[in-house]
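All remarks here apply to the structure that follows.
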Amino acid sequence: MLLILDVTLIASAFKFSNIIRYGTTDLQQEYNIFFVLFALVWWIVSGFSNFMVRVDGFFPCDRRLSNLINAFILHAFILASCIVVFNLEELSRLLLLYTYLSTALLIGFSRLLLLFAYRYFTKSDVAHTRYVIVGTGPAAMGLHQTLNANDDLGTKFMGFFDDNADPLSPYSSKVKGGVDDLKEYCLQHSIDEVYYTLPLNNKEQIDDLTEFADDNFVYFRIVPDFSAIVQKDVNMYFYHNVPMISIRREPLEIASNRVMKRLFDVAFSLTVILLIFPIVLPLIALAIRLESKGPIFFKQLRPGKKNRLFVCYKFRTMKVNKLTEVQATKDDPRITRVGRFLRKTNLDELPQFFNVLLGDMSVVGPRPNLVSQLDHYSKLITKYKMRHFVTPGITGYAQVSGFRGETKELKLMEKRVEYDVRYMENWSFMMDMKIIFLTVWNMVKGEKNAY
């Protein structure tokens with residue numbers, strides 16, 4: 001629905017801009033084509049799931065404006081590329097400016113109206129879905145925070161019910177009574193959903209509330225409390241009719257996801273090897289050989305998936321030396337002038353597309369660290385070895401999030417590991433696309449930590 005609204009507003013912006021520019025609402029043929037292109041690119045941009053430019057969800061207010069700005073910046077970048085590729089340079093620049101300004105105003109204003117509507121239907125008595133939570137323990141508090149932070153449009157929290165509620169709790173004012181008071185309250189206030197978070201040892205009580213909910217058209221949902229067993233987020237799923245709990249979300253453990261990622265890796269690496277490598281290899285090889293003696297390629301053993309060692313290839317960026325297990329530092333005297341340029345632009349990583357083709361690496365994944373780093377940080381960082389559950393990548397979530405280059409302090413490596421684990425637990429194909437895009441963008445604008 002939001003996408004339909006956006007396309008309608010974009011169409012209105014085109015009509016309005018055409019009136020200002022040419023005095024008519026009739027668009028010429030090339031502008032009709034351009035409108036389709038404009039709307040299609042906006043659909044692509046707004047469709048990125050869990051991306052910084054996602055605009056089809058209800059985000060907190062402090063992120064809403066920046067998300068829209070980022071969306072329009074990315075949209076303009078992609079659209080400008082399309083204009084060049086499809087040879088649409090004859091389009092009126094003034095019309096394009098008017099269209100962008102009016103589109104930004106209309107979509108921005110629509111988001112503001114949606115925000116007010118969301119607040120009204122969520123906080124007022126018009127809310128069509130009212131829910132209560134039975135219990136005030138850790139599971140109840142966690143559920144309340146989650147539902148409160150991710151409320152669907154038109155839902156409203158009405159209160160807690162617990163026989164043993166803590167009167168000193170900051171949530172005590174929201175406790176409406178004991179479990180015995182629940183039924184009467186549900187009938188008086190037209191409650192739609194009841195979330196049961198108490199221990200599951202009181203079968204009689206659960207059966208009684210289930211029967212009451214069925215008789216009065218109330219959805220009764222049981223939220224098991226696993227806080228005594230696991231102390232972090234878990235992933236629950238069913239194998240046929242058997243419930244199972246996984247301590248981590250592991251999207252790449254699903255065979256179809258692994259196949260999709262591998263097919264993309266092969267296609268992407270072949271494209272780079274066949275189209276880009278033949279052009280840049282002679283130039284880079286000549287530049288490396290002219291500046292310093294030694295091989296064109298640098299080979300080094302790196303730990304891969306499940307700590308299996310593989311030979312990682314790079315263009316040589318340093319003078320030949322024996323300190324191969326020493327991390328590069330800022331103004332490192334071992335780095336050549338050509339090497340500094342290659343590192344700054346990430347061109348030194350191009351040979352790793354052969355590693356991708358061989359299956360030792362992926363286009364996107366945790367960066368393969370040195371063997372010495374594996375031995376060192378495994379003893380200091382609890383989750384360090386977790387990053388080796390997946391195939392290492394040429395680029396990664398940590399690198400595009402600013403954690404690239406030298407790790408002088410332990411906390412820098414901890415943040416890198418944190419982002420690597422976050423990538424593993426939240427992987428999606430669109431997330432890989434996002435990381436590839438940001439990698440290319442960082443190559444264009446440059447990175448201060450690339451040395």
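Arranged from highest to lowest average of other beta-carbon atoms within 10 Å per residue, in what order do the peptides 386-397, 418-429, 279-290 appear? Walk me through the intermediate numbers first.
On the way: 386-397: 23.5, 418-429: 18.4, 279-290: 13.9.
Averaged packing, sorted descending, gives the order 386-397, 418-429, 279-290.
In angstroms, what radius of gyration and Dmax does the range 330-426 have, counting Cα atoms only?
In Å, with Rg to one decimal and Dmax whole: 13.8, 39.
Ranked highest first by the average count of other Cβ atoms within 10 Å around their residues, in what order do 204-212, 155-163, 19-27 fall?
Numbers: 204-212: 13.8, 155-163: 19.3, 19-27: 12.2.
Ranked from most to least packed, the peptides come out as 155-163, 204-212, 19-27.
Could I have the simple spin-label model distance between Gln145 and His189, label points 7 Å from Cα toward Cβ, reported in nm to one decimal?
Placing both labels 7 Å along Cα→Cβ, they lie 2.2 nm apart.
Obtain the nm distance between the two label points defined at Met430 and Leu357 by a simple spin-label model: each point lies 7 Å from its Cα along the Cα-to-C-beta direction.
3.2 nm
Evaluate E = 1/(1 + (r/R0)^6) for Arg334 and Asn87, where r is the Cβ-Cβ distance and R0 equals 51 Å; express this FRET efficiency to the nearest 0.05. It would help to have the intermediate numbers written out before the result.
Values: r = 47 Å, r/R0 = 0.91.
It comes out at approximately 0.65.
Taking a probe of 1.4 Å, how large is the accessible area per residue of the range 277-376, in Å²? If you can, show how the numbers build up before the last one.
Working: 5250 Å² over 100 residues.
Dividing the accessible area of the range 277-376 by its residue count gives 52 Å².
Simple spin-label model, 7 Å along Cα-to-Cβ: Phe389 to Ile44 in nm?
Rounded to a tenth, the inter-label distance reads 3.3 nm.
Would you mind getting me the FRET efficiency between Ser378 and Ser172? Use the beta-carbon distance for r and R0 = 51 Å, nearest 0.05. All intermediate terms of the calculation are to be shown ahead of the outcome.
Values: r = 46 Å, r/R0 = 0.90.
Efficiency for this residue pair is about 0.65.
Compute the distance from the alpha-carbon center of the range 342-377 to that of the range 182-225, in whole Å.
53 Å
Arranged from highest to lowest average of other beta-carbon atoms within 10 Å per residue, in what order do the peptides 1-10, 97-106 appear? Could the numbers behind the result be given before it?
On the way: 1-10: 14.7, 97-106: 17.4.
Result, highest mean Cβ count within 10 Å first: 97-106, 1-10.
The values are calculated or read from the model by the stated rules, or taken from the named source; none is laboratory data. This is a predicted model, so every value here is computed, not measured. Cβ coordinates were reconstructed from backbone atoms using ideal geometry, including for glycine residues, and neighbour counts include every protein chain displayed. Only protein heavy atoms, including side chains, enter the accessible area calculation; ligands, DNA and RNA are left aside. Shrake-Rupley method; radii C 1.70, N 1.55, O 1.52, S 1.80 Å.
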